[in-house]
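The block underneath contains the structure these notes are about, expressed in structure tokens.
The values are calculated or read from the model by the stated rules, or taken from the named source; none is laboratory data. Not measured: the values here are computed from a predicted model. Neighbour counts are summed over all protein chains in view; Cβ atoms, including those assigned to glycine, are modelled from backbone coordinates with ideal geometry. Please note that ligands, DNA and RNA were not included when accessible areas were found on the heavy atoms of the full protein model with its side chains. Shrake-Rupley method; radii C 1.70, N 1.55, O 1.52, S 1.80 Å.
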Amino acid sequence: LWQEAQRTALDQSIAADNVERLMFVRSGWLGTAPLADVFWAGDQRTDFELDDGLPTVVPIGVGVGLAGVSTFGSDIAGYQSATNPDSTKELFFRWTELGAWSPVMRTHHGTQPKLEWNWQSDAESMAPWVLYSKLHMALAPYMRGLAQAAHDTGVSIWRPLAVEFPSDPLAWPVADEVMVGGGVLVAPVQVAGSTSRSVYLPKGTWFPWQGGASVTGGATVTAQAAVGEIPVYAVAG
């Protein structure tokens, strides 16, 4: 009901003065998808912990995607520092990498904005922010096409692997990778101090986004990813 009220108010305002506005929500129920413009994952903790840190973003994104909510993002580097240390440089880098591949890429000031790490904290942090911001904008036509498909079919931009590879039983339990549309698999590094991770690639032929030899799917591979890099694969075709 609250979102219905917001939708009515926003649409009436836009009609009156032709100024674009959008709704930004972190909750909903049946019927939310056609009402809310942007959905975000809530005030995650500024850490790598499994309970409410960076590793929760992908499960939330694919979960709400299955409910038809497609235009999704999270607070890069988290928001809540009441029960844990403030965000670190490494966390900011890793969350930025995932943020670029999210339908909505955004930062938030956090509960202690002067202490949270962000793109202005030092020159070294500016570089990946620029790189991944440019990547996000370069992906805009792809995202726009996926948004139209979501509008037409209800299949969200972010998808669990099993949506695209339902006959592959090993794809179903994967909860730390996400398909961006039908052709791109993103596997963010979500463990502090890690410079590699295991990636399950469903059956098919896959090409590393950064270039290199193709990989045969239906297997788990080890992807190298220094801080500032994120494992991404495109499926053949």
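Observations on the structure shown:
- Karplus-derived 3J(HN,Hα) values for segment 213-230, using 6.51 cos²θ - 1.76 cosθ + 1.60 with θ = phi - 60°, are 5, 5, 10, 7, x, x, 7, 9, 10, 9, 9, 7, 7, 5, 4, x, 10, 9 Hz; glycine and proline are entered as x.
- Near Y132, once Lys and Arg are set to +1 and Asp and Glu to -1 for all other residues with Cβ below 13 Å from its Cβ, the sum equals +1.
- Formal net charge of residues neighbouring R26 (Cβ-Cβ distance under 14 Å; K, R +1; D, E -1): -3
- A simple count of charges around P55, restricted to other residues whose Cβ falls under 11 Å of its Cβ and scoring Lys, Arg +1 and Asp, Glu -1, yields -3.
- When only Cα pairs below 8 angstrom with a gap of at least 6 residues are kept, segment 22-110 shows a relative contact order of 29 percent.
- Taken about its Cα centre, the chain carries a charge dipole of about 380 debye when Lys and Arg each add +1 at the Cβ and Asp and Glu each add -1 at the Cβ.
- Surface composition of the chain: carbon and sulfur make up 59 percent of the accessible area, probe 1.4 Å.
- Couplings for segment 11-17, taken from phi via the Karplus curve 6.51 cos²θ - 1.76 cosθ + 1.60 with θ = phi - 60°, read 4, 5, 5, 5, 5, 7, 10 Hz in order; Gly and Pro are left as x.
- Ordering 6-12, 202-208 by mean Cβ neighbour count within 10 Å, with the highest value first, yields 202-208, 6-12.
- Cross-link reach list, lysines versus K134, counting only Cα pairs under 25 Å and skipping chain neighbours closer than eight places: K89
- Simple Cβ-charge dipole of segment 40-111, Lys/Arg +1 and Asp/Glu -1, about Cα centre, in debye nearest 20: 240 debye
- Table column - 3J(HN,Hα) (Hz), segment 63-78, Karplus curve with 6.51, -1.76, 1.60, x for Gly and Pro: x, 5, x, 5, 8, x, 8, 10, 7, 10, x, 9, 6, 4, 6, x
- Residue-level accessible surface for Y79, protein heavy atoms, 1.4 Å, Å²: 40 Å²
- Among V235, V191, G73 - extreme Cα towards positive end, dipole of the chain, charges at beta-carbon: V235
- Remark: segment 116-193 carries 50 Å² of accessible area per residue (probe radius 1.4 Å; ligands, DNA and RNA excluded).
- Summarising the amide proton neighbourhood of W209: residues at separation of 5 or more, or on other chains, whose placed amide H is nearer than 5 Å comprise V232, Y233, A234.
- Cα shape, segment 124-192, gyration tensor, a/c 1.5 rule: oblate
- Lys/Arg +1, Asp/Glu -1 at C-beta; the chain dipole; positive extreme among A219, V174, T32: A219
- Using C-alpha pairs below 8 Å separated by at least 6 residues, the relative contact order for the chain is 15 percent.
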